[in-house]
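Student: Could you have a look at this structure, given as structure tokens, before my questions?
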Amino acid sequence: MIKEEVIEIISEKIKLIRVEMGYTQDKLAEAIGVSKKTLVQIEKGRVAAGWTVTIAVCALFRESSVIQSAFGGDPLDVVETIARERMDYRKEKTLGGKVWWKELSRRSGYILQQNIVSQHYRILDDENFRIYSSLAKEEAEARFAELVKDSPRQSS
């Protein structure tokens, strides 16, 4: 999933999200920092939401079932993957991928997973902290191989 796809998904589903969360057009427009006229244009498919609006909707309504099902879990995981492409970081502890994730490999205390909906990749450490995300399979596999190779632990 790339930035443009995330924008498209939010643009197409913004009205469903608004209704699900019980917001009027006025209140949602105020919450995400656009005019009501702009929100109406997005809802009618005449314009797409910008990246900033997309991030605001994902952050404010991350618990929305519409958003969760569109992104295969927390939408901020996808947004952060795009924003932090090719960077290591130890962010928040995950649940280990029990719902939206397919395990591709597990070695030396690291787990390589792929999201079954958005198709992006992540690497977790043995405490289920996300330490790397990528949209590209080859990059995720290469980083996984580096981590496993550099790990002092024996393969598990």
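The values are calculated or read from the model by the stated rules, or taken from the named source; none is laboratory data. Owing to the predicted nature of the structure, the values given are computational and were not obtained by experimental measurement. A quick note on method: Cβ atoms are made from the backbone with ideal geometry, for glycine too, and the neighbour counts reach across all protein chains shown.
Student: Residues being surrounded by fewer than 18 Cβ atoms within 10 Å (Cβ to Cβ) and part of a loop (DSSP other than H, G, I, E, B): count how many of those fall in the range 24-34. Lay out the reasoning, then the answer.
Tutor: Let us first name the residues in the range 24-34 that are surrounded by fewer than 18 Cβ atoms within 10 Å (Cβ to Cβ), namely 24-27, 30-31, 33.
Now restrict to residues that are part of a loop (DSSP other than H, G, I, E, B): 24, 33.
The total comes to 2.
Student: Report, by residue number, each residue of the range 35-56 that is in contact with a Ser or Thr (Cβ under 9 Å, 6 or more places away or on another chain) and not in a helix (DSSP H, G or I).
Tutor: G45, V47, A48, A49
Student: Can you tell me which of (1) part of a loop (DSSP other than H, G, I, E, B); (2) at pLDDT below 90 is the one E63 doesn't meet?
Tutor: (2)
Student: In the same structural domain as Y132 (by TED's automatic domain parsing) and surrounded by 12 or more Cβ atoms within 10 Å (Cβ to Cβ), is that true of G73?
Tutor: Numbers: in the same structural domain as Y132 (by TED's automatic domain parsing): no; surrounded by 12 or more Cβ atoms within 10 Å (Cβ to Cβ): yes.
Answer is no for this residue.
Student: How many of the residues in the range 5-60 are of a type in the set (F, W, Y) and under 23 Å from G72 (Cβ atoms)? If you could, list the steps in order and put the result at the bottom.
Tutor: Step one: list which residues in the range 5-60 are of a type in the set (F, W, Y), which gives 23, 51.
Subset that is under 23 Å from G72 (Cβ atoms): 51.
Within the range 5-60, residues that are of a type in the set (F, W, Y) and under 23 Å from G72 (Cβ atoms) number 1.
Student: Filter the range 37-56 down to the residues that are within 16 Å of I17 (Cβ to Cβ) and basic (K, R) and list them by number.
Tutor: K44
Student: Among the residues of the range 66-103, write down those that are polar (S, T, N, Q) and either modelled with pLDDT of 95 or more or touching a strand residue (DSSP E or B) at 6+ places or on another chain (Cβ under 7 Å) (or both). Step through it out loud before you land on a result.
Tutor: The initial filter retains those residues of the range 66-103 that are polar (S, T, N, Q), namely 68-69, 81, 94.
Once the filter is applied, which keeps residues that are polar (S, T, N, Q) and either modelled with pLDDT of 95 or more or touching a strand residue (DSSP E or B) at 6+ places or on another chain (Cβ under 7 Å) (or both), the range 66-103 yields T81, T94.
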